[in-house]
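Asker: Structure in structure tokens, see below.
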Amino acid sequence: MKLYINNQKDIQRLLDAQGKVVLVRPNQKILLPDFFDKYVTSGHLVHARAPTTGTRNTTNHTKNRQSNSLLERRNKTESNKISPENQPAIPATQNNRQNLQRAEIQRPQIRSQRPNFVRQKKIPTSPNQKDSQNKFKGKSIPNPKDAHIYEQSDNLSGIINISNDIGVGILSYNRQHSLKRLVDSIIKHTNLSKTIIFISDDCSTEPETHEYLKKLSESNRFCIIFNDKNLGIAGNSNRLIQCLQRFKYGIILNDDVEITSSGWEYFYPDAMVASEFKHFIYREKNIYGATIGEPYNIKGINLLKSDNQPQGAVLAYETSAIEKIGFFNEAYGQYGMEHVDWSMKFNDFGLHSTSGFFDVFGSSRYFRLHNEKSSVSDRSEKLQFARNIFKNRELKKYKHSKDSKTDAISVVIPYRSQDRSASVITVIDSIKGQLFPTINIILSEHDHKSTISAASILPSNYLQINAEPEEPFNKSKAFNGGVDIAKDDFLILHDADMLVPNYYASEVYKTLLFNSSCHLGKDVSYYDDNDTNIINREKRVFRPQNFDRYVSYFEGGSLACTKEYYSKIGGFYETYTGYGCEDCDFYSRLIAGGNFINDRRISLYHLNHPRSDKWRKFHDLNVKLETTLKAMSDIARIADAKNLLIRKGYKTI
């Protein structure tokens, strides 16, 4: 045994000789077997008596491209990023999960209820205290010192994702060895707290593939989707396209691809920005008899142009294109030609200035395509069927089928600037980082003019609700307006300054499958102004030296319900104005309406923001209104709110 120390700025996630994870906090001294000398060589640890100056060197992957490229901007803000191999996973489940165990007993056969449900491990970020055991219950504690508040935030960088607006989807069917090679290469070369990875398994028949995917889902680093029926490549690709629509850029990978260098996810998006092309296709020489293509230069970007044999193993695209070209045509069946038809539509619908299939010069630095045996049975017959369909292809925009529809949830965020624009963009990016299939984000701004660019939050939805120039912020109007345009049956009503773990949306969705509404927030830790600025600037979350404030019981922040139930209880009460009490009023009607789950087990984190000068005045008025409403019976109170909502003339609530 030897004494080691972590002299890095971040938690080190190391594997022992048995493959178990050992977490070593910054500056922590720890006694470990000699096996861990390998991590001294790699720079993750040093011997306790060795000098501890500086940090280990990192490889500079910056390429010769425009200064405003996504990769260069990423490098400027991620000088302290955690390398993906060291990202801490969620702590193992402990014997403090009574609520989860009870829920699992009462909720059998989830997949039979929702065929495309995501298997997601339910793990709290900290010991799950019952309210009666929480010594802080009902208190707001400034500058908290209690150790457990900080212990539960030790691994925030590994469980709160802040998206770089790039989503990656992986097609999986049976080839566990190929999939593992791809996933291992992604882990090695990717910051998984920024680039969000989805794997959609098309009802694999090999047990080893299922077991491997189950282990990946438990790591809480990937969003794993299990199909209950085999959809074929087109249908499975459509599921991934739905997942990727909340990002600006999407990349779809076959499982026989391998990532060979860091910066790979930025390579094609950077080329899209510079060339204004919307779609690139990786080509590898001699795979299926293909050549790499002919040189083609546009706006100073060196491309490779081909007129035939596009390889569908790596498809990169700007997600805005889906609005014009649509999804894959699922009529192609199980295998073949679907990617050719889809890629041609970028030319057919005028998104590219010249016809052909395009790769970017230098792509071979980042990708390698292995010539694997297909896992599709009767491949030749299915390919011939697809070719016959292709001969009569129609210039048509297709939708995904009912079978390929993914689970979906809408997140409504009420907003007024008040110096919150940087924080609300961080919050939106953290919602994009949820390990859940399809999320439709709605930013609902109540103000007399727009104070945030709709383009800056695309592809999230933006709604402006008009206010008079001197009218105070009305969060109730913002919520009601946002819910009115929400597409999905399930809703998260989420404050513009709240960060949540990457499994939060999945936990909400599973709860709402069997309940009308829920509150899962256990406590809220508040960052101070300086730490908030660092998070917004560097797009990373960390354990601070001191939280500004800690609240152990709250009735707002992030609530969830079905859209039907939202309408039933009258939505948010718009008579509240300014700051305060509107969420408590809504919370009380959630409970009164029935079938509400108060399962407080997930810690939330609050970004700092200033309050308006008149917040106290409006808060006091709202307290009086809430007192008046509390004197009414639950039935009368819900009826009053419902009547007010009806009079406002909303279309869907």
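Asker: State which residue is modelled with the lowest pLDDT when the search covers only the range 361-396 and only residues that are open to solvent by less than 70 Å² (accessible area, probe 1.4 Å) and of a type in the set (F, W, Y).
Answerer: Selected residue: F390.
Asker: Give the number of residues within the range 623-653 that are more than 17 Å from K477 (Cβ to Cβ) and basic (K, R).
Answerer: So the answer is 3.
Asker: How many residues, within the range 408-464, are of a type in the set (S, T, Y) and outside any strand (DSSP E or B)?
Answerer: As a first pass, look at the range 408-464 and keep what is of a type in the set (S, T, Y): 410, 415, 417, 421, 423, 426, 430, 438, 444, 450-451, 453, 456, 460, 462.
Subsequent filtering for residues that are outside any strand (DSSP E or B) retains 417, 421, 423, 426, 430, 450-451, 453, 456, 460.
Matching residues across the range 408-464 total 10.
Asker: Report every pair of residues separated by at least 6 positions or lying on different chains whose Cβ atoms are under 7 Å apart, first residue within the range 374-385 and in a helix (DSSP H, G or I), second not β-branched (V, I, T).
Answerer: Every condition considered, the pairs that remain are R379/Y335; K382/G333; K382/Q334; K382/Y335; K382/G336; L383/Y335; L383/G336; F385/G333.
Asker: Within the range 1-25, which residues are open to solvent by less than 50 Å² (accessible area, probe 1.4 Å), in contact with a Lys or Arg (Cβ under 8 Å, 6 or more places away or on another chain) and at pLDDT below 75?
Answerer: The answer is I11, and nothing else.
Asker: Please work out which residue is surrounded by the most Cβ atoms within 10 Å (Cβ to Cβ), limiting yourself to the range 582-602 and to residues that are under 16 Å from D640 (Cβ atoms) and among the aliphatic types (A, V, I, L, M).
Answerer: The residue in question is L590.
Asker: Are there any pairs, at least 6 apart or on different chains, whose C-beta atoms fall under 6 Å, with the first in the range 414-437 and farther than 30 Å from L216 by Cβ and in contact (Cβ under 8 Å) with a residue 40 or more places away in the chain and the second open to solvent by less than 10 Å² (accessible area, probe 1.4 Å) and part of a helix (DSSP H, G or I), and if so, which?
Answerer: Between residues of the range 414-437 that are farther than 30 Å from L216 by Cβ and in contact (Cβ under 8 Å) with a residue 40 or more places away in the chain and residues that are open to solvent by less than 10 Å² (accessible area, probe 1.4 Å) and part of a helix (DSSP H, G or I), the close pairs are P414/A478; P414/F479; Y415/V424.
Asker: Can I ask one more? Quick one: which residue in T41, T52 is modelled with pLDDT under 80, farther than 19 Å from S157 by Cα and in a helix (DSSP H, G or I)? It would help to see each step written out before you state the result.
Answerer: Values: T52 fails: in a helix (DSSP H, G or I).
Just a single option satisfies the conditions, and that option is T41.
Asker: Of these, K432, K487, K475, which one is more than 28 Å from T406 (Cα to Cα) and not aromatic (F, W, Y)?
Answerer: Working: K432 fails: more than 28 Å from T406 (Cα to Cα); K487 fails: more than 28 Å from T406 (Cα to Cα).
Going through K432, K487, K475 in turn, the sole match is K475.
Asker: Here are some conditions: (1) touching an Asp or Glu at 6+ places or on another chain (Cβ under 9 Å); (2) open to solvent by less than 50 Å² (accessible area, probe 1.4 Å); (3) not small (G, A, S). M632 meets all but one. Which one does it not meet?
Answerer: Looking at each condition in turn, M632 falls short on (2).
Asker: Right, here's the next one. With the range 134-238 as the region, which helices (runs of 4 or more DSSP H) entirely inside it contain at least 1 residues that are under 30 Å from G336 (Cα atoms)? Even if it seems obvious, please write down each step before you answer.
Answerer: Details: elements: 147-151, 156-159, 176-189, 207-218.
Passing ranges, in order: 176-189, 207-218.
Asker: Now a separate question. Among the residues in the range 312-328, are any out of contact with any strand residue (DSSP E or B) (no Cβ under 9 Å at 6 or more places or on another chain), open to solvent by 60 Å² or more (accessible area, probe 1.4 Å), closer than 23 Å to G433 by Cβ and in contact (Cβ under 8 Å) with a residue 40 or more places away in the chain?
Answerer: Yes; the residues of the range 312-328 include at least one that is out of contact with any strand residue (DSSP E or B) (no Cβ under 9 Å at 6 or more places or on another chain), open to solvent by 60 Å² or more (accessible area, probe 1.4 Å), closer than 23 Å to G433 by Cβ and in contact (Cβ under 8 Å) with a residue 40 or more places away in the chain.
Asker: Of (1) out of contact with any strand residue (DSSP E or B) (no Cβ under 6 Å at 6 or more places or on another chain); (2) of a type outside the set (S, T, Y); (3) open to solvent by 40 Å² or more (accessible area, probe 1.4 Å), I292 satisfies all except one. Which?
Answerer: (1)
Asker: Tell me, which residue of the range 413-466 that is charged (D, E, K, R), at pLDDT below 95 and touching an Asp or Glu at 6+ places or on another chain (Cβ under 8 Å) is farthest from T532 (Cα to Cα)?
Answerer: Once the filter is applied, the top-ranked residue is R416.
Asker: In this structure, does Y553 turn out to be open to solvent by 40 Å² or more (accessible area, probe 1.4 Å) and closer than 20 Å to D497 by Cβ?
Answerer: On the way: open to solvent by 40 Å² or more (accessible area, probe 1.4 Å): yes; closer than 20 Å to D497 by Cβ: yes.
Taking the combined requirement at face value, the residue satisfies it.
Asker: When you scan the range 257-274, how many residues do you find that are of a type in the set (D, E, K, R) and open to solvent by less than 10 Å² (accessible area, probe 1.4 Å)? Walk me through how you get there before you give the answer.
Answerer: Here is the first cut: in the range 257-274, the residues of a type in the set (D, E, K, R) are 258, 265, 270.
After this cut, where a residue has to be open to solvent by less than 10 Å² (accessible area, probe 1.4 Å) as well, the list is 265.
So the count comes out to 1.
Asker: Moving to a separate point now. When you check H619 against the structure, is it open to solvent by less than 30 Å² (accessible area, probe 1.4 Å) and either closer than 19 Å to F479 by Cα or touching a Gly at 6+ places or on another chain (Cβ under 9 Å) (or both), yes or no? Quick ask: steps written out before the conclusion?
Answerer: Numbers: open to solvent by less than 30 Å² (accessible area, probe 1.4 Å): no; either closer than 19 Å to F479 by Cα or touching a Gly at 6+ places or on another chain (Cβ under 9 Å) (or both): yes.
Answer is no for this residue.
Asker: Can you spot a residue in the range 151-164 that is in contact with a Leu (Cβ under 7 Å, 6 or more places away or on another chain), open to solvent by less than 10 Å² (accessible area, probe 1.4 Å) and in contact (Cβ under 8 Å) with a residue 60 or more places away in the chain?
Answerer: yes
Asker: Exactly one condition in (1) of a type outside the set (F, W, Y); (2) open to solvent by 30 Å² or more (accessible area, probe 1.4 Å); (3) within 30 Å of D270 (Cα to Cα) is not met by H177; state its number.
Answerer: Only one criterion in (1) of a type outside the set (F, W, Y); (2) open to solvent by 30 Å² or more (accessible area, probe 1.4 Å); (3) within 30 Å of D270 (Cα to Cα) is unmet by H177, namely (3).
Asker: Still on this structure, I have one more. Can you confirm whether the range 537-544 contains a residue that is under 30 Å from N191 (Cβ atoms), within 21 Å of the chain's Cα centre (by Cα) and not charged (D, E, K, R)? Don't jump to the end; show me each part of the working.
Answerer: Narrowing the range 537-544 to residues under 30 Å from N191 (Cβ atoms): 537-544.
Now drop any that are not within 21 Å of the chain's Cα centre (by Cα), which leaves 537-543.
Cutting the leftovers down to not charged (D, E, K, R) gives us 541-542.
Yes, that holds for at least one residue.
Asker: Taking the conditions exactly as written (out of contact with any Pro (no Cβ under 6 Å at 6 or more places or on another chain), in contact (Cβ under 8 Å) with a residue 12 or more places away in the chain, farther than 20 Å from G333 by Cβ and surrounded by fewer than 22 Cβ atoms within 10 Å (Cβ to Cβ)), does F247 satisfy them or not? Give the steps one after another, and end with the answer.
Answerer: Working: out of contact with any Pro (no Cβ under 6 Å at 6 or more places or on another chain): yes; in contact (Cβ under 8 Å) with a residue 12 or more places away in the chain: yes; farther than 20 Å from G333 by Cβ: yes; surrounded by fewer than 22 Cβ atoms within 10 Å (Cβ to Cβ): no.
Answer is no for this residue.
Asker: On to the next question. For the subset of the range 505-531 comprising residues that are more than 20 Å from the chain's Cα centre (by Cα) and part of a helix (DSSP H, G or I), which member is surrounded by the most Cβ atoms within 10 Å (Cβ to Cβ)?
Answerer: Checking each candidate, the answer is D531.
Asker: Can we say K145 is at pLDDT 85 or above and over 25 Å from I197 (Cα atoms)?
Answerer: Working: at pLDDT 85 or above: yes; over 25 Å from I197 (Cα atoms): yes.
Here the answer is yes, as K145 does meet what is asked.
The values are calculated or read from the model by the stated rules, or taken from the named source; none is laboratory data. Note that the structure is a prediction, hence the values are computed from the model and not measured. When we count neighbours, we look across all protein chains shown, and the Cβ atoms used for this are built from the backbone with ideal geometry, even at glycine. Side chains are part of the model used for accessible areas, which takes the heavy atoms of the whole protein and leaves out ligands, DNA and RNA. Shrake-Rupley method; radii C 1.70, N 1.55, O 1.52, S 1.80 Å.
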